[in-house]
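Presented below is the structure to which this report refers.
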């Protein structure tokens, strides 16, 4: 395999090499406000979110940096918008491979194609392809920048958590390092330690859901190819290298290929280089030169924990939920977990919201996980039919979709990640904007829009915001310790009309209350201070 590309994937593996901490010298365990278990992208992003709020946080990881292999590669628009608020969206976009177009094939025929973002007026595209190690590197670099500005974040490599003792008001954590064991205490422990989650095992907590009886072989290869920058998916490909095949382009002339290889396979045998090359040669042709960079086999799993919060312990990302990779809902949903949890935990720690606000993290992100699991399960059932009848139905849908548009929504080759709208959340205030568009209804993530200078989401930031469109609003409102910021926009700021389309609809003016994670908390046609104060209390779980 290509060692040069492997080295690039490592990207200076020891991003946070082991250093002895003063905590290891202390006579008694040192108490920290937040400890994050797991130094992957979700764990580090959690630390960055909290650290930027001025909350001290320690990340414990049993390695010293990022791992090898592309792993997650598809980062959706919403994930990029969240990363933008953390300061690493633009580096991701600059390095990543941008794509909006996907094509679906059956055997040797193109069935149809689709555009995930046909409209203009967004800072970020529908998707980029970017190997996970780059994503992790950019987040860690942003942590270093934040640390230089005084953010109280520690990344501790080779600090393996061996056991935890959950108490009423804190958690005791036992840690092993190259210099021996030590203990520390945490007011809050955040589990971001991946699908195998040792923390989940320590607390005897289980996943619930389905494991699908099929296997998929991932092969990352480096090659020069004239394939367009699109997502190509084959059902029953003509090269017969798998029951289905997926092709994606990544940076550095690396291509990701997924082969559906069946359930009853010898994984060790399938991962032999000569057998991987046999499949690749059948697909690409014998004359195509390539270098094998990385390979792995995975099984579809659609599962989650029953609850994400367990007293002082909270789970996020793959440690809390798993979905099949078709649809790109793993890292993308994990970043939405971080976005949801960060501001809520910050308010609680700073004494500006009650503890029950954290229960809404459980409610909202379980709602999001269930939505992802539903979509991922449907995709998996379509991609991997388990009976002759379901296989006949699947192929009949593909045949119809080639000729008739009505059948195309029935084709499911992994419907791609979209942000969750928290319909019915207890944090939602009134939706009283008469004639308002559904895309910005209460509970929805704010859609972006170009302004005369910059983009709307860049103006909203990470705080509670009163967004006034064609209406006067006060500069700030403070209610029970929580202060909003005012963003006022007129139609002079809306050169393309996208803002009016996405936020006014048929209305002439609008007032929005926006949460720190840029979800709509409430909206009206006109400013009403009493209604806004009440909605702000609701959004902080104070009413």
Checklist line | Overall form of the chain per C-alpha gyration tensor (a/c, 1.5; a/b vs b/c) | finding: oblate
Checklist line | Spin-label proximity, residue 90 to region 29-70 - amide N less than 20 Å from point 7 Å beyond Cα toward beta carbon | finding: 49, 52
Item checked: Inter-probe distance in nm under a simple model that places probes 7 Å from Cα toward Cβ, at residue 174 and residue 472 -> 6.6 nm
Check: Rounded if a/c is under 1.5, else prolate if a/b is larger than b/c, else oblate: which is region 39-89, with a ≥ b ≥ c the root eigenvalues of its Cα gyration tensor?
Finding: oblate
Checklist line | Hypothetical label at residue 378: residues of region 443-475 whose amide nitrogen lies under 20 Å (7 Å Cα-Cβ projection) | finding: 444-445
Note to self: Quick check on region 44-138: take the gyration tensor over C-alpha atoms, sort the square-rooted eigenvalues as a ≥ b ≥ c, and tell me if it's rounded (a/c under 1.5), prolate or oblate.
What the structure shows: oblate
Margin query: Quick check: residue separation of residue 97 and residue 485 times 0.36 nm, minus the Cα distance between them. What number comes out in nm?
Written below: 136.1 nm
Item checked: Rough spin-label spacing in nm, given labels placed 7 Å along Cα→Cβ, for residue 388 and residue 113 -> 3.8 nm
Check: Applying 1/(1 + (r/R0)^6) with R0 = 25 Å to the Cβ-Cβ distance of residue 31 and residue 206, what FRET efficiency is obtained, to the nearest 0.05?
Finding: 0.25
Margin query: For a Förster distance of 51 Å, can you work out the FRET efficiency between the beta-carbons of residue 167 and residue 266, rounded to the nearest 0.05?
Written below: 0.60
Item checked: Difference of contour (0.36 nm per residue) and Cα-Cα distance, residue 404 to residue 213 -> 65.6 nm
Next item on the list: Return the FRET efficiency for the residue pair residue 287, residue 370: r is the Cβ-Cβ distance, R0 is 51 Å, and the value is rounded to the nearest 0.05.
Entry: 0.60
Check: So between residue 432 and residue 273, what do we pick up on full extension, going 0.36 nm a residue minus the alpha carbon distance?
Finding: 51.2 nm
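Read the figures in this text as sums done on the coordinates, not as results from a lab. Remember, it's a predicted structure, so these values are computed and weren't measured experimentally. Ideal geometry is used to build each Cβ from the backbone, glycine not excepted, and the neighbour counts take in all protein chains shown.
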